[in-house]
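Single-structure report; data block below.
What follows draws every value from the coordinates through simple rules; no lab data is involved. The structure presented is a predicted model; accordingly, all values stated were derived computationally and were not measured. Here the Cβ positions follow ideal geometry from the backbone for every residue, glycine too, while neighbour counts run over all protein chains shown.
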Amino acid sequence: MKKLPITDADAIEFGKVMRKTNLFASISIGLAEKILNRVNVYQYDKDEKVCRQGGEGDSFYVVKEGRLRVSVREGFVFSKVIASLAPGDCFGEMALLKRAPRNATVTCEENSKLFVLLADSFAQALGENPAFAEEMKKIASERGFELKHH
């Protein structure tokens, strides 16, 4: 994994994708800009694991380039592929809402670039905007989760 500089075009691209997710669809432009200021772009190599099943849920991801596979462990040895991810797909929303352990492993099938929003950065945005925090609590509640932030 290698952190890359984020360009204005990257920020616009992430903003478009962000607006299509249930989690961010209703936020204001001002708040979207605060979140965009906290997003990073990372390069992952083929076969590199982005996150592991059981690992800490600490980030939200959007696929910028590449293809990834999502797999779950069944028993001690076997993994079952349950989804494929392509540009524009996202995963890890619940990491922002509840920081629970990951329920799947995500592996790059080819060199890939991902937008990454750390849960800590998201929590900072919540702390700076009480109305946004309330909206996220509502979304979390609707999904049966309790919002956890510092």
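May I ask you to derive the FRET efficiency for GLU109 and LYS138 from their Cβ-Cβ distance with R0 = 30 Å, giving the value to the nearest 0.05?
0.25
What pairs from LYS3/LYS49; LYS2/LYS80; LYS34/LYS137; LYS2/LYS137; LYS80/LYS138; LYS20/LYS64 go past 23 Å between their alpha carbons?
Over 23 Å apart, Cα to Cα: LYS2/LYS80; LYS2/LYS137; LYS80/LYS138.
Using amide H atoms built in the peptide plane, which far-off residues or other-chain residues are under 5 Å from ASN111 H to H?
Counting only residues 5 or more places away or on other chains, the set is LYS46.
Could you compute how fast the range 21-94 diffuses translationally, taking Rh as the Kirkwood radius over C-alpha pairs and applying Stokes-Einstein at 10 °C with viscosity 1.306 mPa s? Give it in µm² per second.
Result for D is 111 µm²/s.
Could you work out the percent of alpha carbon pairs in the chain separated by over 26 Å, rounded to a whole number?
In whole percent, the share of Cα-Cα pairs in the chain beyond 26 Å is 24.
So which residue, out of ASN22, ASN40, ASN111, gets the largest mean-square fluctuation from a GNM of the chain using Cα contacts under 10 Å as springs?
In this elastic network of the chain, the residue with the biggest mean-square fluctuation among ASN22, ASN40, ASN111 is ASN22.
Could you give the nm distance between label points at GLU65 and GLN53, where each point is 7 Å from its Cα heading toward the beta carbon?
Going by the 7 Å Cα→Cβ label model, 3.1 nm.
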